[in-house]
Amino acid sequence: MRFGRIQKSILDYKKSNYKEMKFKSLLLILLLAITSLVSAQKKVEYEVGLSSSFAAKEEIPFWLHSNKNGLVPNKSYAMSDFSLGMDFSEISVSAIDFMWETSAVAYTGDESKFILDKLYLGLKWKIFQFSLGQKYDAIAFDGLSSSNGNLLYSNNARSYPKYEISVPEWTAIPFTKGIISFKGLLSDGITTDNRYIDHALVHHKNLFVRLFKDEKFSVSGGIEQYAQWSGKHPDRGSISHSLDKYLNVFTGSGDDDATFDNDAYRLGNHIGSYHLDAYYNADHFSLTAYYRSIFEDGSGRKSENRPDGLYGLFYKNKNEENPFIQSALVELYHTTDQSGSLHGTIDGVKYRGLDSYFNHSEYKSGWTHYGRTIGSPLFTNGKRDGHALVINNRFKAVHLGVRGFIGSFIPYKTYFTYSKNYGTYQTPFESTLNQFSGLVELRVPSKKIPFHIDLACAIDKGELLKDNIGFFIRLSKTGLFR
């Protein structure tokens, strides 16, 4: 019966996502063509896995389904997964280098689904990289961050098809003697879930500058911007995606002839973040302190929403082999100000508050994809009037993460997150909801068996989520096609 449910979900998926599947099919053909050209020089890596998660309550605990790239359901499940890919060469043997990756999962439980997950190809030339398809950001801070080190874009939701042009590594600016380095990217994509405004386009760019990269102490800073625009409105139909509209989105400017009243101020749904980092590299350890702001309009861009943002400190042990604490991280969240609780002109005074992070008056599904918050998962997602949105964006939280080895041969990772949650300014909770969520993961030593065994236990205790305990197990095998 379960096989039949999975088969039916595959058919439903194909019918409802024809354009997405057509794009991915063409991309897969291109991947295979590239593979045939370079397979004699490179090896294809694979990973296959079987996993399951179950809990005392109907839903599994928070950290067993959050930051899983949107692939894991909220309720108990059994899953199979595979990935296949070819990475860039460690030492470039030509002026242009290629890579590609594809992966998929199928699970059954409260519902059954097949998800074609990652499917993309990459091209590298000198300092530049180009990618096309559906992929996720690289894991930052040893996977200990609650938001992958980025307040706006974590690994919590499914990705979307996009192109990306980037300088991904710190690159010295000519004539600065290595004192000033930079990196950045430009990307455009399209959402593929069922949302209030279907097929909304997503524009993304960032630029960061670093001083004294090769010294013991260095600093960096920059800005990141995302924007949702265009798409198909349920009442007004298709929204223009012409070049002049794109230029408005790119520059963050308004358009008096656009679809919505808000567009005269700024076309689309924009969110942004200032990044500040400080690095200290000692002989035996390194420290990274970081700050990520959040803004959705001019008040936040001018930091009128202080002290809102994400503050973090990451420690890395560089000396010992398999130490008990290999790396550790602490993060603090503050998102309750939002430029104040007032908006508009009151008694002759102009207020610019009620920012309501990750929500929008026209793009009502907000900063979500397939029902999950694209940014930090501590921004609680929910549903209202049949569409996804963020129901809790005012909170204070502390998050701790530690990774290392037990007895120098059992890898482990642990999370501990405590938050005070207030809802939104528009729909506040009746009282403050306190919440604790914890996770412990470890890999069982398995030298005598040909696969890996990963185990996890997670708990929720508080008022935002139901008190719960849950477990996870995964068997996996990795290797090379020679």
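All of the numbers you see were taken from the coordinates with simple rules; none came from a lab. What you see is a predicted model; the values in this text were computed from it and never measured. Note: ideal-geometry Cβ built from the backbone for every residue, glycine included; neighbour counts use all protein chains shown.
Tabulated data
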read-out	value
Per-peptide average of other Cβ atoms within 10 Å, ordering 440-448, 396-404, 48-56 highest first	396-404, 48-56, 440-448
³J(HN,Hα) computed for each position of region 436-447 - Karplus, 6.51 cos²θ - 1.76 cosθ + 1.60, integer Hz, glycine/proline x	10, 9, x, 8, 10, 10, 8, 10, 6, x, 9, 5
Gap separating the Cα centres of region 40-75 and region 425-482, nearest whole Å	10 Å
Proximal lysines to Lys448, defined as alpha-carbon separation beneath 20 angstrom and excluding residues fewer than eight positions away on the same chain	Lys477
Theoretical FRET efficiency, 1/(1+(r/R0)^6), r = Cβ-Cβ of Phe250 and Ser446, R0 41 Å, to 0.05	0.25
Hits among aspartates and glutamates - C-alpha to C-alpha of Lys205 under 19 Å, sequence gap 8 or more where chains match	Asp137, Glu164, Glu169, Asp188, Glu224, Asp244, Asp277, Glu296, Asp297
Spin-label pair Thr171/Val219, simplified geometry with 7 Å Cα→Cβ offset, distance in nm	2.5 nm
Shape call, the chain: gyration tensor on alpha carbons, a/c limit 1.5	rounded
Centroid-to-centroid separation of region 301-366 and region 128-193 [C-alpha atoms, Å]	20 Å
Other-chain or far-sequence residues with amide H under 5 Å of Leu267's (modelled H)	Ser253, Gly254, Asp255
Nitroxide proxy distance, nm - points 7 Å out along Cα→Cβ at Leu455 and Ser52	1.5 nm
Selection of chymotrypsin sites (Phe, Trp or Tyr not before Pro), region 356-411, meeting DSSP coil and at most 11 other Cβ within 10 Å	Phe409
Nearest-20 debye value, the chain charge dipole, Cβ charges on Lys, Arg, Asp, Glu	1160 debye
DSSP-loop trypsin sites (Lys or Arg not before Pro) across region 40-133, with at most 12 other Cβ within 10 angstrom	Lys43, Lys126
Efficiency of FRET between Ser80 and Ile346 - r from beta-carbon atoms, R0 51 angstrom, step 0.05	0.35
The chain, relative contact order in percent, only Cα pairs under 8 angstrom and at least six apart counted	14 percent
Spin-label model distance (nm) - Phe324 vs Tyr311, 7 Å beyond Cα toward Cβ	2.9 nm
Filter on Lys316/Lys466; Lys68/Lys461; Lys383/Lys420; Lys316/Lys420; Lys413/Lys466; Lys302/Lys466 - keep pairs with C-alpha separation over 31 Å	Lys316/Lys466; Lys302/Lys466
